[in-house]
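Engineer: Shown below is the structure under consideration.
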Amino acid sequence: MEERHLRANDREFNLSFKYATSKYNVFTFLPLNLFEQFQRLANAYFVFLLILQLIPQISSLSWFTTVVPLLLVLSITLAKDLSDDITRHKNDNHVNNRKVEVLINGELKSEKWMNVQVGDIVKLENNEFVTADLLLLSSSEPLNLIYIETAELDGETNLKVKQALTLTGDLGNDIQKLAAFNGEVRCEPPNNRLDKFTGTLTMRGETFALDNERILLRGCTLRNTEWCFGLVVFGGPDTKLMQNSGKSVFKRTSIDHLMNVLVMFIFGFLAFMCTILSIGNAIWEYQEGNSFITFLPRADGANASLSAFLTFWSYVIILNTVVPISLYVSVEILRLGNSYFIDWDRKMYHVKSDTPAQARTTTLNEELGQIKYIFSDKTGTLTQNIMTFNRCSINGKSYGEVVDFAGQRVEVTEVKKVDFSWNPLADPKFCFHDHKLVEVVKSGSPEVQAFFRLLALCHTVMPEEKTEGELFYQAQSPDEGALVTAARNFGFVFRSRTPETISLVEMGVPTTYELLAVLDFNNVRKRMSVIVRSPEGKLTLFCKGADTIIYERLHPSSSKLMEVTTEHLNEYAGEGLRTLALAYKDLDEDEFEKWKERHHEASTSLEDREAKLDTIYEEIEKDLLLLGASAVEDKLQDGVPQTIEQLAKADIKIWVLTGDKQETAENIGYSCNMLREEMKEIFIVAANTAEEVREELKSRLLGKKSQVVEDEKVDGEYGLVINGHSLAFALQKDMQLELLRTACMCQAVICCRVTPLQKAQVVELVKKHKKAVTLAIGDGANDVSMIKTAHIGVGISGQEGMQAVLSSDFSFAQFRYLQRLLLVHGRWSYLRMCKFLRYFFYKNFTFTFVHFWYGFFCGFSAQMGLDTYYWTAVNQFFLWGSLSVYFAVTFTMYSNGMYLIFTSSFPFIGTARNSLNQPNVWLTIFLTTILCILPVVAKRFLFIQLKPTINDKVRQAKAVPPPLPRKFPRRRISTRRSGYAFSHARGYGDLVTSGRFLRIPVKSRPALFPHTDTPVADSTPQTYRTIFEEAQSP
């Protein structure tokens, strides 16, 4: 494919785009829909049958007896598919009709997304969705920086920074300059690589290199930036988001495949019956046929062989009822009814967001009852993406757990929340229940105050204060924001920062610290440090990070405190909390000055700068004094652990495919009870080369090698965690089966740092080799690809937009509803379908065998045993006619007219009307019905008691009330713990110290973050969100 070449502000030079998830348009609907319907063998068979009926020598039925039901079948299915696709078109139009400001003919005009073209310059404002893949031209922020959230692309809610070229940044928001901009972009063709972009911008004869740092991808949301201008590079289906989404496919259920197989067998059985009857005809014609020539003369050249051949095709027509043409229509009607049950289910209705469950595709209901593998996203699907500060250990004492006088643990819901009214700068949504911690802070404990001072200083959070005392924090990780918010409420308020200073309000006293250095976080260091000078001139290094990393750098004097803190960390990890260890060190002025010189040399080095800086950091981050540990909870959605447990009992395997880093994904795995301490081993595959990945998979492979991947029983329970880099190698053709065998022997599988396309590849791998029914569930645009690939796609209408819902087959608001969708609606739909099919085939075979046996009594002459011309009419007449005739005759017999004509014979005027108005009559009808039903019910009841089936035993076991849960469960102790993720990449230390993040103060600037609580925040007072999100409709 050739490179993309476009010119700014030149529509004739460029192309337009639209976004579509629908399957059809006006021109393709009829041919595509008919093509899909004729993939059903029964429909294709009846077209063949119609051709046979047009041949008079073999047809004993008129052609319209086949045409009418065939057209009826096709029309009903076509109408249902049309209804489904109209719904998709409405959803597409909702996206296509969003408005954005576009620069057209020197003016900013509000245009629909569908009318935006490649090469247009668009203006985005704060909290707006990015319209297409844009080249950033300019922004309202210093140094042409902007801040974006990529939750729909990779599930990460931490802010990312993009920067425009200096040349285009000078355009600012000057409309005349932007309208005159005629730069030409040459770049890579449309592709699905989210992390890479290669291109050039040519302007005024100069060429500038373009990379991913200059590109805003569709699916991002502009945050903390007043405005920006961008040039449309890719649009609609060419955007990287849509390239990762995959195509809409025609999904067929296993019942459909089974019915096709059954129809094939029925074809064979039909051919077998027709062959027997034609052989019988040949024998009969040879032996007895001459006796009937007088009144049944033969055509010239006709003999027994020709008669048998024609009889074969005649019986194909007569016995056509064995092939169920109405089966598909009946199945579609049954599925439609089952989908309404899902739509009407109040137990799957989310009150807070006013979101009911929706069966967006009505043809896949019974497939829900056969799910074997579930592929789930993490962020927004399993979690609420809300962090809360729950526990902490300070100087060997644990806080956050409430106990009574007897030392027994008390549920926090039974305890009054801590009152922070003494702190005018406290966050009103912050919630904490251990009153002892506040008392210790107020008492002036130096260790406790140092703990919260560290939390208020050691971070890269960016504050924003709209009005006096109303603070909003923007963090690169929600965990960091939760810790800074906790320090804020306990009296150490992070107020503002400059590249050289950090301003706090410590217990009501404004205090400014000089920021001397930021030792930034990265995935190798797993810690972050700051060096500050207090107002008294005291130099201090504050450090926080993973406990294993911090412990290696502690002074020996902290050994006893480390033992106690380790016990607390084990306890916190056992509760699924994300932990950090905190430490500090007082620095000598001379020592620091010497270190600062070495640091400057390393930071300006042209070779191995990163390695040299790490070495310099190691020099000063030693002999630390332990302060304590913090524990933050990544709040799960309600009912997630219980739902996963119930689905596991149903022998459904759940794989988590997430864009988050490994440590975060593992923590959520433990919180959801997917990973457990009791597991025999948890395999970690994190190799960097294909050979290393192969070796790790082979070493984990516990079962036997074979071409067919079967569920192998292994001794003990295992878990598998694999990162995206290793997964890319493992998905290669020569390693696919080894990956799948290893994964299938594990109770839980977590794939982290995976791209949207890799999610789809994992789903496709299981579909191809396991031959199992798969379900994918997610809430963001990064999940669309796997949702479309899986047999069933479920979208959660969450906080990451509606892309997943638009591409899904079923949608609802909470992950916990998945249990009811599968185990109730799925099971019931499957049972209904199986019972229906069993009866349907029984009815068809019974009706057809009448004609088969009749052939033995009519000389195999292809005569009809039952006149089917009126058979359907008679059926309908006797069903509805008998009811209508009964009531018509009853009311006529006792009408005024009959009384006037035959006074002596019909003296009871209005008896029918009067009797039906009497309660006694209805009571008699009711009692009669009960008496008729009672023996059957009694019989079934006795059978359940005397000869219960397996299902009866399960129901009886469920009916026994479970034992009351213990109020104070024994805490789980875990040896596994890890620090939370500061970031998914390198931190923002350089950005903080450079001053690039600082805003230009504009008094009239509108509020960027309106203080409006989301429904989730309303129900969970103690929350920290990276962004205050609102539903946006640009």
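Engineer: Of the listed peptides 161-171, 499-509, what is their order by residue-averaged count of other C-beta atoms within 10 Å, with the highest listed first?
Structural biologist: On the way: 161-171: 18.4, 499-509: 15.5.
Taking the mean over residues of other Cβ atoms within 10 Å, the ranking is 161-171, 499-509.
Engineer: Going 7 Å from the Cα of R940 along its beta-carbon direction, which residues of segment 834-851 have the amide nitrogen within less than 17 Å of the resulting point?
Structural biologist: So the set is 835-836.
Engineer: Quote the FRET efficiency, to the nearest 0.05, computed for S421 versus M864 with a Förster distance R0 of 60 Å and r equal to the Cβ-Cβ distance. Spell out each step's value before the answer.
Structural biologist: On the way: r = 91 Å, r/R0 = 1.51.
For R0 = 60 Å, the calculated efficiency reads 0.10.
Engineer: With an 8 Å cut-off on Cα pairs and a minimum separation of 6 or more residues, tell me the relative contact order of segment 181-228 in percent.
Structural biologist: 28 percent
Engineer: For L72 and K843, what does the FRET efficiency come to when R0 = 22 Å and r is the distance between their Cβ atoms, rounded to the nearest 0.05? Could the numbers behind the result be given before it?
Structural biologist: Details: r = 18 Å, r/R0 = 0.83.
That gives a FRET efficiency of 0.75.
Engineer: Tell me, what is a quarter of the convex hull surface for the C-alpha atoms of segment 305-360, in nm² with one decimal?
Structural biologist: On the way: hull surface 20.5 nm².
So the mean shadow area of the Cα hull is 5.1 nm².
Engineer: Here's something else I'd like to know. Would you mind checking K112/K160; K612/K680; K770/K843 for any pair whose Cα atoms are more than 29 angstrom apart?
Structural biologist: Numbers: K112/K160 27 Å; K612/K680 40 Å; K770/K843 35 Å.
Checking Cα-Cα distances, K612/K680; K770/K843 exceed 29 Å.
Engineer: Computed over the Cα atoms, what is the radius of gyration of segment 451-518 divided by 2.2 N^0.38 Å, N being its residue count?
Structural biologist: Details: Rg = 10.9 Å, N = 68, 2.2 N^0.38 = 10.9 Å.
Taking N as the residue count of segment 451-518, the ratio is 1.00.
Engineer: Let me ask something additional. I want to check the label-to-label distance for H600 and W344. Put each point 7 Å from Cα in the C-beta direction and report it in nm to one decimal.
Structural biologist: Each label point lies 7 Å from its Cα, and together they span 7.9 nm.
Engineer: Let me ask another. Per-residue counts of other Cβ atoms within 10 Å, averaged by peptide: what ranking do you get for 334-344, 374-384, highest first? The partial results should precede the final answer.
Structural biologist: On the way: 334-344: 17.4, 374-384: 25.4.
Highest to lowest by the protection proxy: 374-384, 334-344.
Engineer: Once fully extended, how much extra length lies between L927 and N303, figured as 0.36 nm per residue of separation less the alpha-carbon to alpha-carbon distance? If you can, show how the numbers build up before the last one.
Structural biologist: Numbers: separation 624, 0.36 × 624 = 224.64 nm, distance 6.74 nm.
Extra length from L927 to N303 when fully extended: 217.9 nm.
Engineer: Next up: Can you give me the solvent accessible area of L108 with a 1.4 Å probe, rounded to the nearest 10 Å²?
Structural biologist: Probe radius 1.4 Å; accessible area of L108 about 60 Å².
Engineer: Between F292 and R186, what length in nm is gained on full extension when 0.36 nm per residue of separation is reduced by their alpha carbon distance? Can you show the working numbers first?
Structural biologist: Working: separation 106, 0.36 × 106 = 38.16 nm, distance 8.70 nm.
Additional length available on full extension: 29.5 nm.
Engineer: Now, a different point. If packing is taken as the average count of other Cβ atoms within 10 Å, what order do 451-461, 718-728 fall into, highest mean first? Please report the intermediate quantities before stating the final value.
Structural biologist: Values: 451-461: 25.6, 718-728: 21.0.
Packing proxy ranking, top to bottom: 451-461, 718-728.
Engineer: Sequence gap of 8 or more, or different chains, plus Cα separation below 24 Å: how many lysine pairs satisfy both in segment 344-501?
Structural biologist: Going through segment 344-501 pair by pair, I get 17.
Engineer: In nm, give the distance between the simple-model label positions of T548 and Y854, each being 7 Å from the Cα along the Cα-to-Cβ direction.
Structural biologist: 8.0 nm
Engineer: Please list, ordered by chain and number, the residues whose modelled amide H lies under 5 Å from the amide H of L210; skip anything fewer than 5 residues away on the same chain.
Structural biologist: G199, T200, L201
Engineer: Calculate one ³J(HN,Hα) per residue across segment 679-688 by plugging θ = phi - 60° into the Karplus curve 6.51 cos²θ - 1.76 cosθ + 1.60, and present them in order as whole Hz with x for glycine and proline.
Structural biologist: Result, rounded to whole Hz: 4, 5, 6, 10, 7, 10, 10, 9, 8, 10.
Engineer: OK, next. Would you check the accessible area of C751, probe 1.4 Å, heavy atoms only, in square angstrom rounded to 10?
Structural biologist: Near enough 0 Å² of accessible area.
Engineer: With each label point set 7 Å from Cα along the Cα-Cβ vector, what nm distance links E591 and V564?
Structural biologist: In this crude label model, E591 to V564 measures out at 2.5 nm.
Engineer: Sticking with this structure for a sec: What is the extension gain from T689 to D174, computed as 0.36 nm multiplied by their sequence separation minus the C-alpha to C-alpha distance, in nm to one decimal?
Structural biologist: Values: separation 515, 0.36 × 515 = 185.40 nm, distance 4.97 nm.
Gain in length upon complete extension: 180.4 nm.
The values are calculated or read from the model by the stated rules, or taken from the named source; none is laboratory data. Bear in mind the structure is a predicted one, so any value in this text is a computation, not a measurement. Note: ideal-geometry Cβ built from the backbone for every residue, glycine included; neighbour counts use all protein chains shown. The protein model used for the area step is the full one, side chains on, heavy atoms only, and it has no ligands, DNA or RNA in it. Shrake-Rupley method; radii C 1.70, N 1.55, O 1.52, S 1.80 Å.
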